[in-house]
Amino acid sequence: MVTEKNMKLLSPVKYEYGNLKIGGGGFVTGITFHPTDSKTLYIRTDIGGIYRYDFDKNTWVYLADKVTADDPAQTYPLAIALDENDPNKLFFTCGDKRSNYICISDDKGENIIQKALPCSVHGNEIGRATGDRLIYKNGRLYFGSQTAGIIYSENMGESWQSIDLFGEKNISLIWTDSEGKLFIAGCSGEANSSDGVTRGHTLYCSTDGLKSFVPLTAPAPVKYENSSYYGFVPQRITSDSRYIYITFASSGEVFYGGMGAYACDTGSLSGGKVYRYRIENGVTVFDKDITPEDHIPCGYSGICSNGKMLLLSTVCRKNGGDIIYTSTDSGESWKIIMNRLEYSRFDWNIPYMKPRYNGGGNCVHWISDIKLSPFDSDTALFNTGTGLFMITGLASGDVLVKPFCEGIEETVHLNVYTTPHGRNRIIDIIGDLGGFAFEDYDSECENSFANENGDRYITCLNADFTLQRPEYIAATPRGNRTGKTKGGLILSKDCGSTWERLPMPRGLSEFTDKKLDNIEKPNVDSGWTAISADGKRIMWAVAGGKGFSNKAVCYTDDEGKTWQKSIFTDSSGNSADEHNVKIFSDYYNSELFFAIAERENLGLYISRDKGATFREVSIKTDIKCPRYAHYQLSRQPDKSGVFWLANGIKGLYRFEIKSDSVGISDILPKDRINCIGFGKGLEETPAMYVTGNISGEYGFFISDDLGESFARINTDRQQYGVIHSICGDMREHGVFCLATGSHGLMFGRQKTLQSREKCGIIKIT
């Protein structure tokens, strides 16, 4: 039986927000300088929105702080355009396929107007790294889309018209000259493929205002070894007073996207070209193949010219690391200025980017864009899959490369935890980079989720520790792409500072062994873990891919030296059907574990023998239980057997496991709660933090009385896109952490601690 309670909504409480600094960490997909204003510079990212550089404060400013989890499209930008005559104007396209927009600002992104686009857009899917594909010229907006070809608007995005490019819908770039007479367009070549494997023509030119296009010379398809699709797709374009330069790449083993995939996000690139063109009698003609000699397979992407110097980058160079070249003779000859750690000096000003955490090399990869500063010929910027980098010393030849990430926080954080005591205060579970342990909210941390050699583990899904022994932490990372770490279950005995990988539970079943084999491969989900209240038993729901099967749950009492298989039964005692589960321990009772079953309606398993056996309990409820990535569960830290569930659909549920039954209360039956977590309370009662919609208002909320009342603790400028996890600080009331999907790991701190009595009640539901 589910009971419901009334709730009081209190006056908002003012909070200040900031980032626990990581620095970069994600894919910067494009760089945009204003051509005439030296203080206007933007970058776009794949999942982290758009940033503008503040030259006065020497930091990047995040422009998507108003974006909510209900409509996060702005956190997925695909293209940027500026008005060459007005540096205050900003245009960009963005989308998550459900919502697709052209965004317009007259004040450099401080205020943004969204207008619907007539096509599907996504800033984190195929083609995200190519461009540019948005142009503002003579009052018109032109957009080279991923799904609808080239479209344009003459009324600032109110309506759009299509331009036919021989049926091609997936556009990789568009470009126009300074007068807006000459247009060049690149595409994926899908529409004109002869066999569904070899790309059709991919480069076209127009000289009549886009009324018609003609093919422009492009590299002929080459059937590289291990390639899934053949043919070169234009990546980037630049020009100077003499030439136009275009880079090309040929996809290798395509992981997703089929022939529509053509950039570094295909998984690999088999080959590349750099072509030079000239203008004759107003017509673009091929001039010369200026591809550098490189015997290691790669694509070419980033390219930029200032008339005196040409910069070029490889992309996805196999087993060799990407190279940056410079040329002072229009590509007739090339000089390498960066190759791994060679040719240039490096300033690793962000700890986790240091070579000792990256297999002894650098973390630079996916260089798809490089831009010379229009105002300083000595300086250039280039993008990577780990943030933004700056090059200085180009003119003198004393080249220095350094991360240029101050203010850029675009990592995807999956879970966050705070500890009641111990050296590290915050444990951060993160996509791609694995995880970090922070001593406090102001200090940078070294790379923490690494083996004894400093080699990084990557994407963790969860970690667990006990209140009695918080220095003892288990986590489930993937192995990195170099193979220097293997996925599995790792253990820290010093609050997340150092880690060791536990032995694998081989031999429990053929089913589990197959999953363990898969975990040994790079970048495969390892599973979900839980630790008993006394810290002596570690449980592991083995994944080996998506989901955590109840047929592959096991436990160890000796740090992995020996393992036993857990048994799951239905309410009648028969062997349970296979489905995915998350397992959790109780904070106080070492014998008590429970598991949530991933199926349409909530399933609950309880173990009273320390995880050896789990039996399903019958619950008369229609609580929905979406797949594992879309619900949040938090244990109440002051009471045994009590946990709370936010399913992201409707309701906030309190469960109390008793000796012979399970009590369920729906605290917010009319509201949608996405995340829930607990922290130190004003007195003995812990503080509860949630994200979601309460009484029709989206935000972050605190409750100091376990759901009797809530107060909003953010404003409309403090939204930060998708939130994956929330957790209160266990040592200080009024402080909490947010694991965001677009703006890194954030924390909020109450400006002035107010008692509930001082907060006036404004609404009763």
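Coupling constants for segment 608-618 follow from the phi torsions by the Karplus curve (6.51 cos²θ - 1.76 cosθ + 1.60, θ = phi - 60°), and in residue order they are 10, 10, 6, x, 5, 9, 10, 10, 5, 9, 7 Hz; glycine and proline get x.
Specify the angular offset, from 0 to 90 degrees and rounded to the nearest 10, of the alpha carbon long axis of helix 510-519 from the longest principal axis of the alpha carbons in the chain. Helix 510-519 sits roughly 40 degrees off the main axis of the chain. Extending 7 Å from the Cα toward the beta-carbon at both Ser695 and Asp195 defines two label points whose distance is 6.7 nm.
Helix-only mean residue ellipticity at 222 nm, the chain, DSSP H runs n ≥ 4 weighted -39,500 (n - 2.57), per residue, nearest 500. What is it? After summing the helix terms and dividing by residue count, I get -500 deg cm²/dmol. Between the alpha-carbon centres of segment 31-97 and segment 659-681 there is a gap of 38 Å.
Could you work out the relative contact order of the chain, using alpha carbon pairs under 8 angstrom and six or more residues apart, expressed as a whole percent?
Relative contact order, the chain: 12 percent.
Here the label points at Asp609 and Glu732, each 7 Å from Cα along the C-beta direction, are separated by 4.6 nm in the simple model. Legend: calculated FRET efficiency, Asp56 to Met156, from the Cβ-Cβ distance at R0 = 25 Å, rounded to 0.05, equals 0.25.
Modelled spin-label separation between Glu452 and Glu253, with each label point placed 7 Å from Cα along the Cα-to-Cβ direction: 3.1 nm. Packing-based ranking of 177-190, 536-549 yields 536-549, 177-190, ordered from highest to lowest mean Cβ neighbour count within 10 Å.
Stretching the chain fully between Ser661 and Asp534 yields a gain of 43.3 nm (0.36 nm per residue, less the alpha carbon separation).
In a fully extended conformation the segment linking Lys354 and Leu341 would gain 3.6 nm over its present Cα-Cα distance, using 0.36 nm per residue. Let a ≥ b ≥ c be the square roots of the eigenvalues of the Cα gyration tensor of segment 23-403; is it rounded (a/c under 1.5), or, if not, prolate (a/b larger than b/c) or oblate? It comes out rounded by the Cα gyration axes. Between Asn601 and Asn518, the FRET efficiency from the beta-carbon distance, with R0 = 30 Å, is close to 0.55.
Working note: Karplus 6.51/-1.76/1.60 with θ = phi - 60° gives segment 643-650 the couplings 9, 10, 10, 10, 9, x, 10, 7 Hz, where Gly and Pro are set to x.
Of all DSSP beta bridges in segment 469-629, what percent run antiparallel (nearest 5)?
Antiparallel bridges: around 90 percent, rounded to the nearest 5.
Between the alpha-carbon centers of segment 511-558 and segment 406-443, tell me the distance in whole angstrom. After rounding, the separation between the Cα centres reads 23 Å. Do the alpha carbons of any pairs in Lys223/Lys288; Lys181/Lys371; Lys223/Lys521; Lys639/Lys680 sit beyond 18 Å of each other, and which pairs? Going by Cα-Cα distance, Lys223/Lys288; Lys181/Lys371; Lys223/Lys521 fall outside the 18 Å limit.
A cut-off of 5 Å between modelled amide H atoms, ignoring neighbours fewer than 5 places along the same chain, links Lys8 with Ser709, Phe710. Over 27 Å between Cα atoms: which of Lys8/Lys650; Lys14/Lys658; Lys402/Lys486 fall into that group? Pairs exceeding the cut-off: Lys14/Lys658; Lys402/Lys486. Shape class of segment 59-104 from the Cα gyration tensor (axes a ≥ b ≥ c, square roots of the eigenvalues): oblate, since a/c reaches 1.5 or more and a/b does not exceed b/c. Counting neighbouring Cβ atoms within 10 Å and putting the fewest first, the residues Glu452, Glu168, Glu708, Glu410 line up as Glu452, Glu708, Glu168, Glu410.
Fully extending the segment from Arg506 to Glu591 would add 28.1 nm, taking 0.36 nm per residue of separation and subtracting the current Cα-Cα distance.
Every number here is computed from the coordinates shown, using simple stated rules; none is lab data. Everything quoted here is computed from the prediction, not taken from an experiment. Cβ sites come from the backbone with ideal geometry, for glycine too, and all protein chains shown count toward neighbours.
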